[in-house]
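Colleague: To start, I am sharing the structure in question, which I have written as structure tokens.
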Amino acid sequence: MSLPFAKPVLLFTLVFMLFGALTQPIYADMPHSSYQGMNWTSPDTTATVKPKWTAAIDNPKDSNTINAGTIATGEGKVFVFQQGRLFALNAKTGKTLWTYGSRMVSPIAYRDGVVYAISKEGILHAIHAINGKKKWATASRTSGISRLLVNGNKVYIYNGHIRAFDAKSGALLWIDHFPNEFCDYDIKFAAGKVLVSTAFSGAYTYESLLAFNESNGHLAWEAPNASAPLDLKENQILVQRTSNLLDQLEKTTLDTIDLLSGKVVKTVEYKENGKAWIDSGHVYIFAAGVVYAYPLNAVPDQVTRDSYRSDSAYKNFWAGGPDAGRILFTDGDQITGSKLVNKSVVYYGSAGTQGTSIARFDTFGNGLYVAYTDGRLEAKDLITAKRVFVIHTKGRVFGPTLREDGMIIVQSQGSVNAVSEPTLLKVK
């Protein structure tokens with residue numbers, strides 16, 4: 001090969017080698033360890049529905065007031081506050097049927113054709129639900145009212161003490177005779193007693209159950225270290241004994257209390273240490289992430305208990321039910337269920353979006369209505385775990401979901417939304 005010919009060949013070879021070097025694949029750093037789990041998704045065909053109707057409602061500054069609920073329902077109507085006035089809306093259409101008063105605020109209650117509401121001045125009003133006409137208004141004023149309850153022929157308000165009014169006339173019947181104000185974790189009525197679950201603090205804090213006579217407000221008895229009533233049978237209630245600094249319980253203990261005397265007439269101790277509730281003739285105890293079940297009147301050591309578990313990956317802090325034959329669990333993000341028939345786990349999904357959690361959920365029939373802190377409310381089928389519909393609200397805090405005249409009523413910060421209850425979610 002002559003030198004003149006060799007130079008072009010050599011130059012071409014060098015260029016080709018350089019081009020080959022430049023076009024070699026450049027690999028990124030690969031992971032040291034990898035795991036591929038349920039790394040797929042199916043198309044979300046859940047319908048985002050527009051509410052049948054939406055109405056603005058007054059927005060309390062206190063989120064706890066919204067949590068307790070700021071609306072009431074009855075007679076096919078939804079009762080709400082708008083700019084301090086009480087409105088009655090048709091539950092199916094949202095049409096205004098009547099308005100009442102001014103400077104009206106929560107709380108609110110409906111019972112037997114009458115709506116009960118409070119004014120900012122602390123006056124209790126009774127309004128006929130059919131036409132919005134005033135039935136009566138109290139002559140006295142009460143400040144700081146946070147709860148309004150109706151039982152039998154009396155209306156009760158709570159503001160640190162309990163006041164009872166005659167439901168027919170609005171006359172003040174009594175104020176409780178307890179020496180100090182008390183908080184109200186829960187208020188129930190049974191066999192002529194007003195039962196208030198509360199707590200007291202001094203050298204240490206302990207829960208207590210106060211029983212006031214419904215006839216005159218006198219304190220009938222006090223049961224220290226007792227929960228709110230779990231069950232009522234004739235003239236007796238069932239409560240869970242609670243721990244305090246000086247008496248730490250190691251096992252769930254249920255006491256039966258005679259309503260007349262306040263004395264404990266029966267005590268049953270269970271194997272677990274957890275929170276108890278009563279449903280469908282069973283005692284359920286949520287302990288260390290597991291729900292245990294015993295027949296209500298059985299001796300624990302003489303029966304075989306049932307147990308229900310969620311997915312062990314979730315750190316559940318709440319359990320309840322059964323609903324549609326499932327014990328429900330949540331960790332604040334996920335909701336799962338355990339079937340009573342075979343104890344298999346059902347997955348109802350999660351909040352989904354980072355920074356979003358479950359605000360609350362409520363059940364009706366076969367429907368699970370889950371409100372999230374991003375303003376969504378999802379309706380899910382408790383049987384199939386499928387989502388049925390989704391609505392979006394402007395609020396981030398939700399009150400209890402209600403059901404009235406075939407409509408699901410969703411109350412959130414500043415608005416109430418109504419959606420027709422899906423047929424498949426109704427109990428057949």
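Colleague: With n ≥ 4 as the cut-off for DSSP H runs, can you work out [θ] at 222 nm for the chain, using -39500 (n - 2.57) per run divided by the number of residues, rounded to the nearest 500?
Modeller: Taking each H run of at least 4 residues, the total per residue is -2000 deg cm²/dmol.
Colleague: Assign unit charges at the C-beta atoms only (+1 for Lys and Arg, -1 for Asp and Glu), then state the dipole size of the chain relative to its Cα centre in Debye, rounded to the nearest 20.
Modeller: 1420
Colleague: In terms of modelled amide H atoms, which long-range or inter-chain residues lie less than 5 Å from the amide H of GLY192?
Modeller: Those lying under 5 Å, H to H, from GLY192: there are none.
Colleague: Further question on the same structure: Rounding to the nearest 20 debye, state how big the charge dipole of segment 176-269 is about its Cα centre with +1 on each Lys and Arg Cβ and -1 on each Asp and Glu Cβ.
Modeller: For this selection, approximately 200 debye.
Colleague: Any idea what log10 I(q)/I(0) is at q = 0.29 Å⁻¹ for segment 119-178, Debye with uniform C-alpha scatterers and no solvent?
Modeller: Log10 I(q)/I(0), no solvent term: -1.41.
Colleague: Calculate the spin-label point distance for VAL299 paired with ASP112, positioning each point 7 Å from the Cα along the beta-carbon direction, and give it in nanometres.
Modeller: 4.5
Colleague: How much FRET efficiency would the formula 1/(1 + (r/R0)^6) give for LYS120 and ALA191, where r is the Cβ-Cβ distance and R0 is 45 Å, rounded to 0.05?
Modeller: About 0.80, to the nearest 0.05.
Colleague: To continue, here is another question. By its C-alpha gyration tensor, with a ≥ b ≥ c as the square roots of the eigenvalues, how is segment 176-269 shaped: rounded for a/c under 1.5, else prolate for a/b larger than b/c, else oblate?
Modeller: Oblate, since a/c reaches 1.5 and b/c is not below a/b.
Colleague: Are there any trypsin sites (Lys or Arg not before Pro) in segment 53-90 that are in a DSSP loop and have at most 15 other Cβ atoms within 10 Å? List them by number.
Modeller: Here the trypsin sites (Lys or Arg not before Pro) that fit, given the DSSP loop and packing criteria, are LYS61.
Colleague: Right, another one. Could you let me know the centre-to-centre spacing of segment 263-312 and segment 178-250, using Cα atoms, in angstrom?
Modeller: 21
Colleague: Here's another thing I want to ask about it. Scan segment 178-217 for chymotrypsin sites (Phe, Trp or Tyr not before Pro) in coil per DSSP, keeping those whose Cβ has at most 12 other Cβ atoms within 10 Å, and list them by number.
Modeller: Here the chymotrypsin sites (Phe, Trp or Tyr not before Pro) that fit, given the DSSP loop and packing criteria, are TYR204.
Colleague: In the chain, with Lys and Arg counted as +1 and Asp and Glu as -1 at Cβ, which of these residues, GLY122, LEU246, ILE157, has the Cα nearest the positive end of the dipole, that is, farthest along it?
Modeller: GLY122
Colleague: So, in nm, how far is label GLU222 from label VAL265 when the simple model puts each one 7 Å beyond its Cα toward the Cβ?
Modeller: 2.4
Colleague: Could you give each residue of segment 195-203 its phi-based ³J(HN,Hα) in whole Hz, using Karplus coefficients 6.51, -1.76, 1.60 with θ = phi - 60°, and x for Gly or Pro?
Modeller: Karplus-based 3J(HN,Hα) across segment 195-203 equals 9, 10, 8, 8, 8, 10, 10, x, 5 Hz.
Colleague: Another one. Using θ = phi - 60° and the Karplus curve 6.51 cos²θ - 1.76 cosθ + 1.60, what whole-Hz ³J(HN,Hα) does each residue of segment 213-218 get, with Gly and Pro shown as x?
Modeller: Result, rounded to whole Hz: 5, 5, 7, 9, x, 6.
Colleague: Also: At most 13 other Cβ atoms within 10 Å plus a DSSP loop assignment makes a site exposed; report the longest stretch of the chain without any exposed GluC sites (Glu not before Pro).
Modeller: Longest run free of exposed loop sites: 251-428.
Colleague: I'd like the Karplus ³J(HN,Hα) series for segment 321-333: coefficients 6.51, -1.76, 1.60, θ = phi - 60°, whole numbers in Hz, and an x wherever there's a Gly or Pro.
Modeller: x, x, 10, 6, x, 9, 7, 9, 10, 8, 10, x, 10
Colleague: Further, regarding this structure: Looking at ALA371, ALA72, ALA287, which one has the Cα that reaches farthest to the positive end of the dipole of the chain (charges on Cβ: Lys, Arg +1; Asp, Glu -1)?
Modeller: Of ALA371, ALA72, ALA287, it is ALA72.
Colleague: If the only charges are +1 at each Lys and Arg Cβ and -1 at each Asp and Glu Cβ, what is the size of the charge dipole of segment 281-428 around the Cα centre, to the nearest 20 debye?
Modeller: Its charge dipole is roughly 200 debye.
Colleague: A further question follows. Starting from the amide H of HIS282, placed 1.01 Å from N in the peptide plane, find each other amide H under 5 Å away whose residue is 5 or more places distant or on another chain.
Modeller: The answer is LEU296.
Colleague: Spin-label point model (7 Å from Cα, Cβ direction): what's the ASP279 to ASP374 distance in nm?
Modeller: Going from the ASP279 label point to the ASP374 one covers 2.8 nm.
Colleague: Next question, about the same structure. Once you've got the Cα coordinates, tell me which of LYS343/LYS426; LYS135/LYS426; LYS95/LYS168; LYS133/LYS188; LYS135/LYS394; LYS61/LYS315 are over 25 Å apart.
Modeller: LYS135/LYS426; LYS95/LYS168; LYS133/LYS188; LYS135/LYS394; LYS61/LYS315
Colleague: Oh, and also: Residue farthest toward the positive end of the dipole of segment 111-205, with Cβ of Lys/Arg at +1 and Asp/Glu at -1: which of ILE187, THR198, ALA171?
Modeller: ALA171
Colleague: Quick one: helix 3-22 against the long Cα principal axis of the chain, what's the angle to the nearest 10°, folded into 0 to 90?
Modeller: Around 10 degrees separate the two axes.
Each reported figure results from applying straightforward, stated rules to the coordinates on display, with no laboratory input. If you're wondering where the values come from, they're calculated on a predicted model, not measured in any experiment. Cβ atoms come from the backbone with ideal geometry, glycine included; neighbour counts cover every protein chain shown.
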